[in-house]
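Peer 1: Following this message is one structure expressed as structure tokens.
The values are calculated or read from the model by the stated rules, or taken from the named source; none is laboratory data. All values reported here derive from a predicted model rather than from experimental measurement. Here the Cβ is made from the backbone with ideal geometry for all residues, glycine too, and neighbour counts use every protein chain on show.
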Amino acid sequence: MTSADAGMVRRARFLHELGIGPVWVQRYGHVQKSPVEGLSDVPSRITAAAPVEPLPSVVMVAAPVIDKQEKIASAWDDVSVPVPVPVRAGIAAASAPPVLALASDDGVAAIASMSWQELDIAVTNCTRCPLCKNRKQAVLGTGDQKAGWLFVGEGPGSVEDQKGEPFVGPAGKLLDSMLLALDLRRGENSYLSNAVKCRPVDADGKDRPPTAVESAACRPYLERQITLLKPAVIVALGKVAALSLLGGDPKIAVAALREHTHRYGSIPVVVTYHPAYLLRKPLDKAKSWRDLCLAAQAYASEGKLAI
Ligand code: URA
């Protein structure tokens, strides 16, 4: 079996476990006519496993199998994926940094010219918003610094705050399975980050989404990461990430942002549900898989092999 075939088998296994069975399996970039009525111009070496509703501009489509909800619910969640330990520069956090009451514009120009190492130091010592008061450590991001795929979440939770790596809690386990379904892994052509780099907590010490002010304060770091990475595609996981990358009406629902290829500068951005949401609403995993397929199409059209 070639490594390409092994990848195909692996993805098929994850999709099967998802309960949404692989309808299309994309290999390499050429285009051939779809064997399924209603779909055409899909990449070559695609196999049809079941009839699906035609979806314009979606390269790979998975047909939801919703007769066994429990199976779908346990699919991505139950897959245990070995997570490589991230390599981070050994940089000590500054002790007791002064806290700014509000986001400051100071230093934005400096951030815009930082190297990866300087960014790591700056984020580790950041006091641009009050989130720095409660963090154990800032979480810059992890992965391949030349990755074609950038996944952006909202912010570290308690586990991430302790470990210093994004997406290592329950939502991260699901994200690992989503990566595997795309034949990606942490650190292999993928980079994971968040709209904010410090854990937002509510008055009871529980995780909460970052505010717009906190996101804005942290945005220069995300912008610099994107400039350094130059990813072929960005996947925004949830509304906070989507708003941070694309701006727009804070009241908009993720559902309204899905199924479009947005742009951050020239980089395609696909919005999908946050994995923590998918843990609560597992039936939406099939929709999320369609979003990932749209992202794979955008990745392919940026001139790189899709998956
Ligand atoms: N949720 C996020 O959005 N990011 C993380 O790093 C962890 C959970």
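Peer 1: Quickly run through the stretch 205-248 and pick out the residues that are of a type in the set (A, V, I, L, M, F, W, C) and either at pLDDT below 95 or touching a Cys at 6+ places or on another chain (Cβ under 9 Å) (or both).
Peer 2: Val213, Ala216, Ala217, Cys218
Peer 1: Please specify each residue of the stretch 149-160 satisfying the condition of being near the ligand (Cβ under 9 Å from one of its atoms) and out of contact with any His (no Cβ under 9 Å at 6 or more places or on another chain).
Peer 2: Val152, Gly155, Pro156, Gly157, Val159, Glu160
Peer 1: Next question. Got at least one residue in the stretch 260-278 being crowded, with 22+ Cβ neighbours inside 10 Å, of a type in the set (Ser, Thr, Tyr) and in contact with a Leu (Cβ under 7 Å, 6 or more places away or on another chain)?
Peer 2: yes
Peer 1: At least 1 residues that are within 19 Å of Leu184 (Cβ to Cβ) and touching a residue at least 12 places away in the same chain (Cβ under 8 Å) in each: list the helices (runs of 4 or more DSSP H) lying fully within the stretch 222-307 that qualify.
Peer 2: In the stretch 222-307, the matching helices (runs of 4 or more DSSP H) lie at 239-246, 275-280, 285-301.
Peer 1: Does the stretch 119-135 contain at least one residue that is touching a residue at least 24 places away in the same chain (Cβ under 8 Å) and within 18 Å of the chain's Cα centre (by Cα)?
Peer 2: For the stretch 119-135, residues touching a residue at least 24 places away in the same chain (Cβ under 8 Å) and within 18 Å of the chain's Cα centre (by Cα): absent.
Peer 1: Something else: Consider Leu131 carefully, then state whether it is more than 30 Å from Ser301 (Cα to Cα) and either within 16 Å of the ligand (Cβ to nearest atom) or in a strand (DSSP E or B) (or both).
Peer 2: Spelling it out, Leu131 is indeed more than 30 Å from Ser301 (Cα to Cα) and either within 16 Å of the ligand (Cβ to nearest atom) or in a strand (DSSP E or B) (or both).
Peer 1: For the stretch 187-199, check the following and say yes or no: at least one residue is modelled with pLDDT under 95, closer than 22 Å to Ile121 by Cα and either of a type in the set (Val, Ile, Thr) or within 16 Å of the ligand (Cβ to nearest atom) (or both).
Peer 2: Yes, because at least one residue in the stretch 187-199 is modelled with pLDDT under 95, closer than 22 Å to Ile121 by Cα and either of a type in the set (Val, Ile, Thr) or within 16 Å of the ligand (Cβ to nearest atom) (or both).
Peer 1: Let me ask something additional. Condition first: more than 11 Å from the ligand (Cβ to nearest atom), polar (S, T, N, Q) and closer than 19 Å to His274 by Cα. Can you find one or more residues in the stretch 166-186 that meet it?
Peer 2: yes
Peer 1: Give Ile226, Ile234 a once-over and let me know the one that is under 18 Å from Leu140 (Cα atoms), within 16 Å of the ligand (Cβ to nearest atom) and either hydrophobic (A, V, I, L, M, F, W, C) or surrounded by 19 or more Cβ atoms within 10 Å (Cβ to Cβ) (or both).
Peer 2: Just one listed residue meets the conditions, Ile234.
Peer 1: Okay, next question. Filter the stretch 143-165 down to residues that are touching a strand residue (DSSP E or B) at 6+ places or on another chain (Cβ under 8 Å), over 18 Å from Val233 (Cβ atoms) and assigned to a loop (DSSP other than H, G, I, E, B), then give me how many there are.
Peer 2: 5
Peer 1: Of everything in the stretch 204-221 that's more than 25 Å from Arg290 (Cβ to Cβ), surrounded by fewer than 22 Cβ atoms within 10 Å (Cβ to Cβ) and without any contact (Cβ under 8 Å) to a residue 60 or more places away in the chain, which residue is nearest to the ligand (Cβ to nearest atom)?
Peer 2: Only one residue fits best here, namely Asp207.
Peer 1: Hey, another quick one. Of the residues Lys163, Lys146, which single one is surrounded by fewer than 22 Cβ atoms within 10 Å (Cβ to Cβ), over 14 Å from the mean Cα position of the chain (by Cα) and more than 16 Å from the ligand (Cβ to nearest atom)?
Peer 2: Of the residues listed, the single one that is surrounded by fewer than 22 Cβ atoms within 10 Å (Cβ to Cβ), over 14 Å from the mean Cα position of the chain (by Cα) and more than 16 Å from the ligand (Cβ to nearest atom) is Lys146.
Peer 1: Go through the stretch 206-246 residue by residue and tally those that are over 16 Å from Cys129 (Cα atoms) and over 16 Å from the mean Cα position of the chain (by Cα).
Peer 2: Number satisfying all stated conditions: 5.
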